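Notes follow once the structure below has been shown.
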Protein chains: 2
Amino acid sequence: MSYDILKQNLKKHVDLSTADLDLICSYFKPAGLRKKEFLLTQGSICKMEGFVLDGCFRVFTFDKKGNENTLYFAAKDWWLMDIDSFMNQTPSDLNIQALEDSKVLLIDRQDKMALYESLPIVEKLFRIIFQKGLVSWQRRLVRNHSFTSKERYFHFIQTYPDISSKLMDKQIASYLGISHEFLSKIKKNIK
Amino acid sequence: MSYDILKQNLKKHVDLSTADLDLICSYFKPAGLRKKEFLLTQGSICKMEGFVLDGCFRVFTFDKKGNENTLYFAAKDWWLMDIDSFMNQTPSDLNIQALEDSKVLLIDRQDKMALYESLPIVEKLFRIIFQKGLVSWQRRLVRNHSFTSKERYFHFIQTYPDISSKLMDKQIASYLGISHEFLSKIKKNIK
DNA sequence: CAAAAAAGTTGAACAAGTTCAACTGGGGAA
DNA sequence: TTCCCCAGTTGAACTTGTTCAACTTTTTTG
């Protein structure tokens, strides 16, 4: 059953009974997206929070100069959301696009709120998920400041081999914060 | 009373009764730090989570090359912690140092856990605090990628005028991820 | 399959940022 | 007050990364 991946993910963070897991899952609806389809576009309000069952997504934003800036990629077993837009129902700064045909589980804002209300342990669950997320973002910032582009590139492909192998160099470059031409030169330099 | 600042901070995130606020506060113990004193040093285990009542702190790390890298500054009304080390009781990567004589409220790990247990709304409270924190870290990453150093400098001093005015340029440079010499050149260029 | 579009490569000129070293100036400690 | 230390400034040489444009290769689509 497709909910198993979600259940396994949740159990990594807190200890949940089978009944709790089933209740949580009951709020999530499966959905499919075709390659290049958007789950969210910049300027619109984020209606859904997602969990990836299969496929791969890219979360990115266009800055004032029109350059794409990739925040992160989400493959199987990753969460997918614009927290800010989802919680405050404000226009999103982010685009979320499927990089290949993908399957997700989605929960809308009302159901998420209902879930928080009906099952207090869900607050703990997401407290821990966000806590871990915050740590990763802090670490990424330190890497961005202390690693060279080359080091950041290697760190990325070594840490996420399954994700990075699916990506175009252009997308990796925008995640690393460098031009795709320069990434090409980095790769040439290695050989 | 010194706990008022903490109470006001907590109420910004969730609606809390007076009794709840008092209970939460009862877990926090006041402490003072002298200028240059450390609340945490890299390699040791983070025993305390803090909330700043007065003064200012710098949270930074030494990378492999020996360069200082500032994650953030915390002045009055800011939270102060190494989440990872505090939660998992693993050696910290971070240093937390008072930039001036400061006052904080501290809670240790056992009490934090007890607080989560005894008052479920605290889970919600920190779920929201971490959620907001995560959004700020995402935004900072995007700024680091899409802004020039000059733009990042202006954004920082305009967004945090009260904090940045207390800081040495060296510290601002390490927060921005540039050398202090280059920051000096940026400032010269403006005049 | 052929044509078109998009991704990747390369080079040259340029801009951004670092490093090192020398100098300036102010604040704290004895 | 004097000395010293440390923050900040400046210049020169260097490294890293960008931009633009031309080209090749791969992928998509009719």
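Coordinate-derived values only; no laboratory data. Since we're looking at a predicted model, the values are computed, not measured. Note that each Cβ is placed from the backbone with ideal geometry, even for glycine, and that neighbours are counted across all protein chains shown.
Shielding of peptide A:120-131 by partners, expressed as the average count of other chain Cβ atoms within 10 Å per residue Cβ, is 6. Listed by Cβ neighbour count within 10 Å, with the fewest neighbours leading, A:R152, A:R109, A:R127 appear as A:R109, A:R152, A:R127. For the pair A:K170 and A:F182, label points projected 7 Å from Cα toward Cβ lie 1.9 nm apart. Of all complete DSSP H helices in chain A, those with a Cα span along the helix axis of 24 Å or greater and a mean Kyte-Doolittle hydropathy of -0.5 or more are A:121-146.
Mean per-residue shielding of peptide B:59-71 is 3, counting Cβ atoms of other chains within 10 Å of each Cβ. A Cβ-based charge dipole, computed about the Cα centre of the stretch A:3-118 with Lys and Arg at +1 and Asp and Glu at -1, lands at about 320 debye. Projecting the Cα atoms of B:S102, B:F156, B:C46 onto the charge dipole of the stretch B:28-182, computed from C-beta unit charges around the Cα centre, puts B:F156 farthest toward the positive end.
Shielding of peptide A:170-181 by partners, expressed as the average count of other chain Cβ atoms within 10 Å per residue Cβ, is 1.
Computed from the C-beta positions of B:Q42 and A:K11 and an R0 of 45 Å, the FRET efficiency is 0.85 to the nearest 0.05. For the stretch B:91-191, the relative contact order is 13 percent, taking Cα pairs closer than 8 Å that sit 6 or more residues apart in sequence and dividing their mean separation by the residue count.
Counting neighbouring beta carbons within 10 Å and listing from fewest to most, the residues B:K29, B:K112 come out as B:K29, B:K112.
Could you tell me what percent of the DSSP beta bridges with both partners in the protein assembly as shown are antiparallel, to the nearest 5? Looking only at bridges with both residues in the protein assembly as shown, the antiparallel portion is about 100 percent.
Assuming R0 = 22 Å, can you tell me the calculated FRET efficiency for the pair A:K29 and A:T90, based on Cβ-Cβ distance, to the nearest 0.05? Efficiency, rounded to the nearest 0.05: 0.40. What you get for the protein assembly as shown, charging only the Cβ of Lys and Arg (+1) and of Asp and Glu (-1), is a dipole of about 1720 debye around the Cα centre. Electrostatic bookkeeping for B:R143 treats Lys and Arg as +1 and Asp and Glu as -1; over the other residues with beta carbon under 13 Å from its beta carbon, the sum is +3. With the charge dipole of chain A set up from +1 on Lys and Arg Cβ and -1 on Asp and Glu Cβ about the Cα centre, the Cα lying farthest toward the positive end among the listed residues A:I24, A:P91, A:I186 is that of A:I186. Post the alpha-carbon centroid distance, the stretch A:51-97 to the stretch A:147-191, in whole angstrom. Taking the Cα centre of each part, the stretch A:51-97 and the stretch A:147-191 sit 20 Å apart.
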